[in-house]
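The structure appears right after this line, and notes come after that.
The numbers here are math on the coordinates, done by the rules we state, and not lab data. Just so you know, these numbers come straight off a predicted model, no measurement behind them. Every residue, glycine as well, gets a Cβ built from its backbone with ideal geometry; the counts of neighbours run over all protein chains shown.
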Amino acid sequence: MAEPLVIDTKGMHYTPLNRQIREAVASGVKEIVLNNVLGQRFIGNGLRGDAKITVNGVPGGDLGMFMSGPECEVFGDAEHAPGNTMDNGVLIIHGSAGDAVAHSMRGGKVFVEGNIGYRGGIHMKQYECKRPILVVGGTTHAFLGEYMAGGLILVLGIGHEPAVQDRGIGSGIHGGEIVIRGDVDVKLLGVGAKKVDFTEEDLENVTPVIEEFCERFDIDPKPFLNTNYSKIVPSSARPFAGKYTWE
Amino acid sequence: MCGIIGVIDRTMSRMDGSHIKRALSLMDERGSGEGAGYVAYGIYPDYADCYAIHVFFDNLLEPKTRVDAILKQWGRIVHQEEIPTYEQPGLKKEHIPWRYFFKPFTDLVVGSTNPDDDNVTNLVMAINTEVEGALVFSSGKNLGVFKASGWPEDVANFYRIEDYKGYIWLAHNRYPTNTSGWWGGAHPFNLLDWSVVHNGEITSYGTNRRYVEGQGYQCTMLTDTEVVAYLFDLLGRKHGLPSEMVVEALAPPFWDEIDEMPEKKEEFMKALRLTYGPALMNGPFAIVVATKDGIVGFTDRIKLRPLIVGENGSKLYISSEEAAIRTMDPDVDTIYMPRAGEPVIGRVVE
Amino acid sequence: MSLGSVPLKYKISIDRDQCMKCMRCVDNCSYGVYRIEDDKIIIDSRKCTACHRCISMCPRDAINLKERPVDYRSHPLWTTEAREDVINQARTGKIILAGMGNAVDYPIIFDRLVLDACQVTNPSIDPLREPMELRTYIGKKPSKLEFTKNNGDIDLTTQLTPNLKLATPLMIGHMSYGAISLNAQLSLAKAVAKTGTFMGTGEGGMHESIYPYQDHTIVQIASGRFGVDIDYLERGAAIEIKVGQGAKPGIGGHLPGEKVCADVSCTRMIPLGSDAISPAPHHDIYSIEDLAQLVRSLKEATNWEKPVFVKIAAVHNVAAIAAGIARSSADAVVIDGFKGGTGAAPKVFRDNVGIPIEAAIAAVDQKLNDQGIRNEVSIIASGGIRNSGDLAKSIALGADAVYIGTASLIALGCRVCGNCYRGLCPWGIATQKSELVERIDPEVGAQNVANLIHAWTLELSELMGAAGLNSIESLRGNRERLRGYMLDQGLLDVMQIDSVGA
């Protein structure tokens, strides 16, 4: 296997950085390591292909936005909206992330080892074979899965009891599902969200996701395969029905 | 969009301005090169008991004569000088920054528990509304605001802020929508001890402004942020609310949350919301406020702007971006995101 | 010399091909427009009031109504109305009485105010998915919070006085039993109970069938003191002193004896069939300190447990008067603009006295703010609020909440025909005739009124969300979020708003 391309990004602006990444991927480089990353936005923005990018440091906002295919692994925290409108590929964050993680994500996976901020998974959507997945190891703040139109959000809540304590879960959800370890107080549910039984079949469905997440972060999956979850789904696919009358 | 960062050393150990300059410059993406500013506490130890009045003069003729006269009428000018500045290619010097070290006469304001502060508040309001060509942009003791239109590094170099040493620093990188290019529109905003940096827009500005104007303040800066300084002055200084309570009044819990609180707390929050309803701030914001005793950071009630907190020993950092904190302090050991409306407080320990 | 008759106001015609002679029009018209002769429906258009009852009940849409079918010679000054009023008064020598609100074509300030919305610099808030707080407390508020600190524990010293808790900043104004029917009032009472808000009883006492909803009522004490006793005062969630009314500032009221049926007589505590006369002033209030006395007296009588409102008509000096009221123990000032409705008012008052509510709210809010006491007292605005846009604008101008009157009656069927004073309301609203009153099913009526309140509340939430506001406090007095469109500088200055584009 070829040597990875290593870039010291210290003091570098994101435009030349992204250009360098894109050119490298175009020339067939499969692995890129970015060192000393600090605040550069848009890393991997719109990037296609199947390269693997390792980010050492704290990237700026919109990491992997519109990304379609690559895998990007961050050793550090991420800021605002990693995985924004992401199409395909994987983001693995060995740390926490800011607000609006996986905003409008269309496909692929975002794995966050720590916590995420407000409005995680807002307006994630699915279409045919595209089904985005957001997994959070820690906890999440309010309005998780707001407007959610498809895909899966899984919150393991490691080190947090209960896993989620903030309000507005699935507010306006009209597609997809939110799975949270343990029980979720129904008063935390947003408008249009309902809690349903988490069945054996549901567990079967999320098992590969849990296993992959745990493998990525070297966590023992067993405790998460042998515990209770709450499943939150839309109470209707038509949240606006009944709101309007014709003139 | 704007970028903010604040730091306090709780032991009051003083830091020069070079680190915050780098941190703020890291967030250039959040600004537009039309405004940046810094405030530092503890920078004038030789005049610690004087109000340090920073003024932008359009010229040193009539405006200055009038300001001199007002100051002399209300107190004693202990010392005055032009604030040293250093020409920068990217920054057009629009005003002459000047500083007075001022001691108000204490017997001029009647019926006040805090005549010195009220005296200085009155003269700041008077100068800013009545004297054309003069703008007071900093009026606290042993602290100073340094701001201008330009990129953060240019503004910092213009004032050579690395020459100042403070135990609290706030800084702001501006992307103006209202008053572009006006030095007075740059942050931090300051009144007496209170300094404010703000990212976002206060949609309740009209309501908040009417409220503080009804309580004797005058909004002269043409922007929403100054009202925050006045709200803190009114609630914090005049009404004696501790900082946590001021934040609870400005970004209170929702009624459905209050309804669920234990009775005593519920009663308290209800009284707070009813008393200070017009002070409630709406719209997207992340704000850091400083006084000589500490800093407090908070966001709007539904967290529409980012705010990250970092800690390292005696230092507490609050910023729009984690990367900015790490630029200032690569060894920062705790990083976390506060909840919406949750006050993050760093107090000096004496 | 005879003046002869004036032309028809309305001309009714029936499409005889469509008509199936179901006779619903004949049965429904309480004014006697229709009668049957030889199996034919005969029409007397002169009796028509354009109440639309027949039209709404006709299953075949066979009835047509034309307003002013006969032209006068057109003249910009001597309008039809001006000429006919002269003819009327020449014939009778009397004061002209008219129903409903001001009918002069004054510019409507609400229609020249536009609201703001977010673009880019702040996000709109989706009220269906994120918290949106319309809860409004009406009553006195402290000027500052007082508390003590004991080892980090905070004890509140401030004692809140009782406030009304509204789920939405919208209440139903005072329409008395007598002026309107019991079924109409019962519908309103059920509706406010359903929607978490309040209604005014008017100065007609409280009928026992309203008792189950008394926690959602504001009992009124006016110059006639009808139906007022200590039980009545204790029943209401709040008490309102009515000094004046927007539709007829400066004069009293008069419920004609024919509306004083047995039930009204007992609720008002006056003899059957006698006129119920409310004097112009309260004869225990000849000055502002007398008002303060009455407020205190009501508070004493009810153990300081009830908020007390004072309602005044919006007149020229409304701001100073309101400031005087605010200084008493009163909890709220109700300002009623000159477009406010009424069952009956002398036309010359209805159309010529008082000022519009928009300017009155702005002036009162400003005066109280200048005195630093705006938040300590509530402002309730009324008089011509037609939709949620008017509601939002009222609050942005400085009101805490509004009263609606006419809008709530329209929700019960009223078509604003303006003949309330005749006691023949075919919709069963402004009448005491049992066969007409029965036309309102209070359950259905309540649902319609509740729907209206709900719909406006939703729309207000959307307007606030679009403006990036998630609590009503932040809209109140937020004139930055209003602009004037084609308003003159004088009004812009009074309302302290900028022009569009500014």
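Over the Cα atoms of the range A:1-74, each weighted equally, I'd like the Debye log10 I(q)/I(0) at q = 0.16, 0.26 Å⁻¹, rounded to two decimals. Calculated log10 I(q)/I(0) at the listed q: -0.46, -1.32. A:HIS123 sits among other residues whose Cβ lies under 12 Å from its own Cβ, and their net charge, with Lys and Arg +1 and Asp and Glu -1, is +2. With a Förster radius of 51 Å applied to the C-beta separation of B:GLU350 and A:GLU31, the computed FRET efficiency comes to 0.40. Shown here are the Rg and Dmax of the Cα trace of chain B, at 19.2, 62 Å. The orientation-averaged projected area of the convex hull spanned by the Cα atoms of the range A:96-240 comes to 7.5 nm².
When you count, for each residue, the other Cβ atoms within 10 Å and take the mean per peptide, how do B:249-262, C:303-316, A:77-90, C:255-268 rank with the highest first? Present the calculation step by step, with values, prior to reporting the outcome.
Numbers: B:249-262: 17.4, C:303-316: 21.8, A:77-90: 24.9, C:255-268: 19.1.
Ranked from most to least packed, the peptides come out as A:77-90, C:303-316, C:255-268, B:249-262.
Taking the mean number of other Cβ atoms within 10 Å as a proxy for protection, how do you rank C:233-242, A:98-107, B:313-322 from highest to lowest?
On the way: C:233-242: 21.9, A:98-107: 26.2, B:313-322: 24.6.
Those peptides, ordered most packed to least, come out A:98-107, B:313-322, C:233-242.
For B:LYS72, the lysines whose Cα falls under 24 Å of its own Cα, not counting residues fewer than eight places away in the same chain, are B:LYS64, B:LYS103, B:LYS141.
Put a dot 7 Å past the Cα of C:GLU67, heading toward its Cβ, do the same for C:VAL104, and the two dots end up 1.9 nm apart. Across the range C:151-158, rounded Karplus estimates of 3J(HN,Hα) from the backbone phi angles (6.51 cos²θ - 1.76 cosθ + 1.60, θ = phi - 60°) give 6, x, 8, 9, 10, 6, 9, 4 Hz, Gly and Pro being marked x. Please list, ordered by chain and number, the residues whose modelled amide H lies under 5 Å from the amide H of C:SER278; skip anything fewer than 5 residues away on the same chain. It is C:GLY253, C:HIS254, C:LEU255, by chain and number.
Taking R0 as 56 Å, what's the FRET efficiency between A:GLU247 and B:GLU62 from their Cβ-Cβ distance, rounded to 0.05? Write down the numbers at each step before the final one.
On the way: r = 61 Å, r/R0 = 1.10.
With R0 = 56 Å, the Cβ-Cβ based efficiency is 0.35.
When only Cα pairs below 8 angstrom with a gap of at least 6 residues are kept, the range C:1-103 shows a relative contact order of 32 percent. Given the options B:ASN173, B:ASN119, B:ASN199, state which has the largest fluctuation in a GNM of chain B using a 10 Å cut-off (strictly under) for Cα springs. Looking only at B:ASN173, B:ASN119, B:ASN199, the largest GNM fluctuation is found for B:ASN119. Against chain A, whose longest principal axis comes from its Cα atoms, helix A:14-26 is set at around 80 degrees.
Determine the shielding of peptide C:154-161 by partner chains: average, over its residues, the number of Cβ atoms on other chains within 10 angstrom of each Cβ.
On the way: counts 7, 2, 7, 1, 6, 2, 5, 1.
What the average comes to for C:154-161 is 4.
Residue by residue along C:122-128, Cβ atoms of other protein chains within 10 Å of the local Cβ number 6 on average. Over 22 Å apart: what share of the alpha carbon pairs of the range B:1-128 falls there, rounded to a whole percent? Percentage above 22 Å: 52.
Provide the percentage of antiparallel DSSP beta bridges, counting only those with both residues in the protein assembly as shown; round to the nearest 5. Intermediate results must be reported in sequence, preceding the final value.
On the way: 104 of 175 bridges.
Close to 60 percent.
Direction-averaged projected area, Cα convex hull, chain A: 14.9 nm², rounded to one decimal. When you restrict to C-alpha pairs under 8 Å that are six or more residues apart and normalise by the size of the range C:161-472, the relative contact order lands at 20 percent. DSSP beta bridges fully contained in chain C are about 45 percent antiparallel. Note on chain B: with a GNM built from Cα contacts shorter than 10 Å, the maximum mean-square fluctuation among B:VAL227, B:VAL120, B:VAL78 falls on B:VAL78. Subtracting the Cα-Cα distance of B:GLU244 and B:GLU267 from their residue separation scaled by 0.36 nm leaves 6.6 nm.
Shown in residue order for the range C:111-121 are the 3J(HN,Hα) couplings computed by the Karplus curve 6.51 cos²θ - 1.76 cosθ + 1.60 at θ = phi - 60°: 6, 10, 10, 10, 8, 9, 9, 7, 9, 6, 6 Hz (x for Gly and Pro). Looking at chain A, the DSSP beta bridges with both ends there are about 20 percent antiparallel. Local charge sum around A:GLU31 (other residues, Cβ-Cβ under 11 Å, Lys/Arg +1, Asp/Glu -1)? Spelling it out: positives minus negatives among the neighbours equals -2. Taking amide H as placed 1.01 Å from N in the peptide plane, the amide H of C:GLY477 sits under 5 Å from that of C:ALA396, C:LEU397, C:GLY398, C:ALA399, each at least 5 places away or on another chain. Computed from backbone phi with θ = phi - 60° and the Karplus coefficients 6.51, -1.76 and 1.60, the 3J(HN,Hα) list for the range C:85-101 is 5, 4, 4, 4, 6, 5, 6, 10, x, 10, 6, 7, 9, 9, x, 6, x Hz; x is used for glycine and proline. Entry for the protein assembly as shown at q = 0.06 Å⁻¹: log10 I(q)/I(0) = -0.58, Debye formula applied to identical alpha-carbon scatterers, no solvent contribution.
When the Gaussian network model of chain B links Cα atoms closer than 10 Å, the mean-square fluctuations of B:ALA126, B:ALA271, B:ALA279 top out at B:ALA271.
Which of the lysines could a cross-linker bridge to C:LYS347, judged by Cα under 20 Å and excluding same-chain residues fewer than eight apart? Partners within reach: C:LYS9, C:LYS94, C:LYS248, C:LYS339.
In straight-distance terms, cross-link reach from C:LYS259 covers every one of the aspartates and glutamates whose alpha-carbon lies under 15 Å from its own, apart from those fewer than eight places away in the same chain; here that gives C:GLU203, C:ASP275, C:GLU435. On the beta carbon distance between C:THR92 and C:ALA502, with R0 = 41 Å, the FRET formula returns roughly 0.20.
List the relative contact order of chain A as a percent without decimals, with contacts defined as Cα pairs under 8 Å and 6+ residues apart. Could you put the intermediate results ahead of the total?
Working: 748 pairs, mean separation 24.5, N = 247.
Once divided by the residue count of chain A, the mean separation gives 10 percent.
For the protein assembly as shown, the residue among C:ASN317, B:ILE345, A:THR9 whose Cα projects farthest onto the positive side of the dipole built from Cβ charges is C:ASN317. Amide H contacts for B:PHE137 (H built 1.01 Å from N in the peptide plane; partners 5 or more residues away or on another chain; cut-off under 5 Å): B:HIS54, B:VAL55, B:PHE56. Note on A:ARG48 and A:ARG238: their simple-model spin labels are 3.9 nm apart, each label 7 Å out from Cα toward Cβ.
What average count of beta carbons from other chains do you get within 10 Å of the Cβ of residues in B:301-309? Before the final figure, lay out the partial values.
Working: counts 6, 11, 8, 9, 4, 9, 3, 5, 0.
Taking all residues of B:301-309 together, the mean is 6.
Against chain C, whose longest principal axis comes from its Cα atoms, helix C:442-466 is set at around 50 degrees. Spin-label model, B:LEU222 to C:ALA455: label points 7 Å out along the Cα-to-beta-carbon direction sit 4.5 nm apart.
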